[in-house]
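I have placed the structure first, in the form of structure tokens, so that the comments after it can refer back to it.
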Amino acid sequence: MNASKTVVGVDTAKRVFQLHWIDQETGEIVSQQLKREKFLHHFANRAACRIGMEACGGSQHWARKLTAMGHEVKLMGAFAYWASANVAIPICARC
């Protein structure tokens, strides 16, 4: 993995998506909620990053859109995802 590439964990839902990442300058864990309508806009304005999310029907759509923007997307099985979903950073570490 490229050390300078930010890793973002995404928890998808019907209306609100939860994002988690570590700020590379401060080392702070950042959590952000985004409405579905603003999700792609958020990543369109970011440098290319690695994104991890649960592999489900909806995530296939988002993965295609994010990959087209130049991001690297890793879809994980439900067990791998939910095993670390209670802690924001382990999901990112699996990327």
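The values are calculated or read from the model by the stated rules, or taken from the named source; none is laboratory data. Fair warning: this is a prediction, and the values are worked out from it, not measured in the lab. As a convention, Cβ positions derive from the backbone with ideal geometry for all residues, glycine included, and neighbour counts pool all protein chains shown.
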Residue hits (segment 1-57; of a type outside the set (A, V, I, L, M), more than 16 Å from His71 (Cβ to Cβ), surrounded by 13 or more Cβ atoms within 10 Å (Cβ to Cβ) and under 12 Å from the mean Cα position of the chain (by Cα)) are Asp11, Gln18, Glu54
Spot the failing condition for Tyr81; the list is (1) in contact with a helix residue (DSSP H, G or I) (Cβ under 7 Å, 6 or more places away or on another chain); (2) at pLDDT below 85; (3) outside any helix (DSSP H, G or I), and only one is missed.
-> (3)
Name every residue in segment 36-54 that is in a loop (DSSP other than H, G, I, E, B) and either touching a residue at least 24 places away in the same chain (Cβ under 8 Å) or under 14 Å from Trp21 (Cα atoms) (or both), in order of residue number.
-> Arg46, Ala47, Ala48, Cys49
